[in-house]
Amino acid sequence: MPFVKHTYLYHFTRIDHRHNFSVYNTVLHANSANPAEAAGLRIESLAFIPQLFLSVLAIPVLLAKKDLASTMLAQTFAFVTFNKVCTSQYFLWYMVFLPFYLPKASLLQRPKLGLIALVLWVLGQAAWLQQGYELEFLGRSTFVPGLWLASIGFFLVNCWLLGLVVADIGSSEDVIAVTAAPDSKKDR
């Protein structure tokens, strides 16, 4: 049982409030300072609900038959965006799927949209990193409103980007129906 607890169950109650882009960052920091006051039903236990709904249920069920590789991008992007812990190395988890998605993405078909998306994604991180720098290197308490607002801003940018990816996949043809249809002349 200790293996299961420390390997799997630990993640339901994990509090990691350092160097974390997550929208839950400020709440997790407050809970870590006063764990006795935050007893009961805690945000770190509930945070899995939207994350798992999107990445395990909604996105794969609705989109996998249209474009599996792009669906895996959307799943992973949703998982990272809604995760309690979101650090820069987590971005690599979904970036590996970009070569499969980008050739038919609205982000490249509409360059202005792609540029806006890229700039907002980078600015969202830059805003958070600036607040993190003030906290870590200058010793200023920037949790509220600085890091909190930067985390919300970055989260909203990522939700918008996820919406673009999902819309692109949703508007594509059903790959399984197109490729799995038998040629009626060959079957005769």
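Roughly how big is the range 37-177's charge dipole about its Cα centre, with Cβ charges of +1 (Lys, Arg) and -1 (Asp, Glu), in debye to the nearest 20?
The dipole of the range 37-177 has a size of about 200 debye.
So for the range 47-188, what are the equivalent ellipsoid semi-axes in whole Å, largest first, each being the square root of 5 times an eigenvalue of the Cα gyration tensor?
Three semi-axes, in Å: 37, 16, 11.
Considering only Val61, Ala47, Val119, whose Cα is most displaced toward the positive end of the charge dipole of the range 37-177, charges sitting on Cβ of Lys, Arg (+1) and Asp, Glu (-1)?
Going by the charge dipole, the pick is Val119.
Can you tell me how much longer the chain between Leu108 and Asn34 gets when fully stretched, taken as 0.36 nm per residue apart minus their C-alpha distance, in nm with one decimal?
21.9 nm
Tell me the relative contact order for the range 120-167 as a rounded percent, counting alpha carbon contacts under 8 Å between residues six or more apart.
Contact order relative to length: 43 percent.
Testing the spin-label approximation: label points 7 Å from Cα along Cα→Cβ at Val122 and Arg42. State their distance in nm.
Roughly 3.8 nm, to one decimal.
All of the numbers you see were taken from the coordinates with simple rules; none came from a lab. Just so you know, these numbers come straight off a predicted model, no measurement behind them. Here the Cβ is made from the backbone with ideal geometry for all residues, glycine too, and neighbour counts use every protein chain on show.
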